[in-house]
Amino acid sequence: MAVVNANYNFIYVNTGCQGRLSDVGVFAATELAARLEEKCLDLPENIVLPNRETFNWPVPYMFLADDAFPLKLNIMKRFAGTFTRGTRERIFNGRHSRGRRVVENSFGILLVVFRVLRKPMLLQPVTAE
């Protein structure tokens with residue numbers, strides 16, 4: 001489980017769960033989820049987005065997530081369903097997907113740089129130390 005910023009930097013990584021668990025199950029077991037729920041994560045302040053005359057109220061810091069995650073104050077996911085071209089929901093979903101591609105590309109870059117991560121290491125924990 002990882003959080004990646006817009007510059008392809010990993011800003012949070014949790015490797016403490018088995019790979020067979022779902023992303024939501026892994027997330028629920030992290031300290032990040034607990035702190036996010038308790039609102040003690042030290043996120044940036046809510047800000048008014050620039051260049052918006054009709055939308056001028058403060059917006060909270062958001063994490064983009066896939067459809068399996070619950071929709072919460074700081075977790076943003078796509079609109080469910082199919083939408084006609086040009087609708088706000090479809091435009092939002094496209095932009096959300098573009099943002100999530102940064103995460104997928106970050107993992108791709110990680111695998112190119114550290115090729116050893118492409119497959120499981122068949123070592124006992126004692127040997128790996």
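The values are calculated or read from the model by the stated rules, or taken from the named source; none is laboratory data. Remember, predicted model here, so these are calculated numbers, not experimental data. Every residue, glycine as well, gets a Cβ built from its backbone with ideal geometry; the counts of neighbours run over all protein chains shown.
A few notes on this one:
- Subset of region 28-71 [outside any loop (DSSP other than H, G, I, E, B) and either surrounded by fewer than 14 Cβ atoms within 10 Å (Cβ to Cβ) or touching a residue at least 40 places away in the same chain (Cβ under 8 Å) (or both)]: GLU31, ALA34, ARG35, GLU37, GLU38, ILE47, VAL59, PHE63
- Only one entry in ARG78, ARG85 is touching a His at 6+ places or on another chain (Cβ under 8 Å), part of a loop (DSSP other than H, G, I, E, B) and at pLDDT 90 or above, namely ARG78.
- The conditions of being within 22 Å of ASN5 (Cα to Cα), surrounded by 11 or more Cβ atoms within 10 Å (Cβ to Cβ) and touching a residue at least 60 places away in the same chain (Cβ under 8 Å) are met by VAL103.
- Filter pass, LEU123 being within 19 Å of MET1 (Cα to Cα) and either assigned to a loop (DSSP other than H, G, I, E, B) or charged (D, E, K, R) (or both): no
- Considering the conditions (1) modelled with pLDDT of 90 or more; (2) of a type in the set (A, V, I, L, M, F, W, C); (3) over 26 Å from GLY25 (Cβ atoms), VAL59 is excluded by exactly one of them, (1).
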